[in-house]
Amino acid sequence: MRLDFSGKACPIPVIETKKTLLSLENGEEVVIVVDNNAALENIKRLLTSLNQNYKNDGYVFTLTKSEIKAGDVDKKQSEGVFLKSQKIGDGELGGMLVIGFLTALKERKISKVVLVNDAIFIACDENHPAHNALKELQNIGVDIMCCANCLNYFSQSPKIGRSSNAVEIIDTLFDTKIISL
């Protein structure tokens, strides 16, 4: 089977690839074609999370579908934080609060921080007042996920954390005990 996602934006390649893999029989051959770096990284993460062995040549993936166990699809619940703004509230106080909350999270032992909209600047701008607090979370193993569409919209690349896609973010929001700040 060939899945060609040329010209398709996030999250279509990941959604359709996952849906297809879950419907195929073990042993079926799959070729996946993408044409952008966001889709390339997202497909790599999806295939890895589903324990699929694949070959990657540029923007083309080839694999023979292997068994996908329920645990590969349904991850156990952990805790995380969802930030949709680089401040918690307005003005100078809002900036101070985001630093304080991110710093306090080190004691909570969360596993994820999801950044969307302009919150991605915390991960992208090394001069952002909250950047170091977020970096400390990453240093203790917290997965920092930045919305790929937001990164593209603002023409940014994360200095800490990684680019993520809508499907992975939605899965994280549903599968993880998330609070929104």
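The values are calculated or read from the model by the stated rules, or taken from the named source; none is laboratory data. Keep in mind that this is a model prediction, so the values were computed, not measured. Cβ sites come from the backbone with ideal geometry, for glycine too, and all protein chains shown count toward neighbours. Just so you know, the surface numbers come from the protein's heavy atoms only, side chains and all, with ligands and any DNA or RNA stripped out. Shrake-Rupley method; radii C 1.70, N 1.55, O 1.52, S 1.80 Å.
Distance between the 7 Å Cα→Cβ label points at Ser23 and Asn139: 4.8 nm. Excluding the site residues themselves, the longest part of the chain lacking any chymotrypsin sites (Phe, Trp or Tyr not before Pro) in a DSSP loop with at most 16 other Cβ atoms within 10 Å is 60-153. Can you tell me the orientation of helix 37-49 relative to the chain, as the angle in degrees between its alpha-carbon axis and the longest Cα principal axis, to the nearest 10? So the helix axis and the longest Cα principal axis differ by about 80 degrees.
Sparsely packed loop sites in the range 74-181 (the GluC sites (Glu not before Pro) outside DSSP H, G, I, E and B with at most 11 other Cβ atoms within 10 Å) comprise Glu126.
Surface composition of the range 96-181: carbon and sulfur make up 52 percent of the accessible area, probe 1.4 Å. Sequence gap at least 6, Cα distance under 8 Å: using those rules, report the relative contact order of the chain to the nearest whole percent. 21 percent. Across every direction, the projection of the convex hull enclosing the Cα atoms of the chain has a mean area of 10.4 nm². The tail of the calculated P(r) for the range 1-93 beyond 22 Å holds 38 percent of all Cα-Cα pairs. Against the main long axis of the alpha-carbon atoms of the chain, helix 12-23 sits at an angle near 50°. The helix-only estimate of mean residue ellipticity at 222 nm for the chain, built from DSSP H runs of length n ≥ 4 each weighted as -39500 (n - 2.57), is -11500 deg cm²/dmol after division by the residue total.
Quick check: the angle from helix 166-175's long axis to the longest principal axis of the chain, C-alpha only, nearest 10 degrees? Relative to the chain, helix 166-175 is tipped by roughly 70 degrees.
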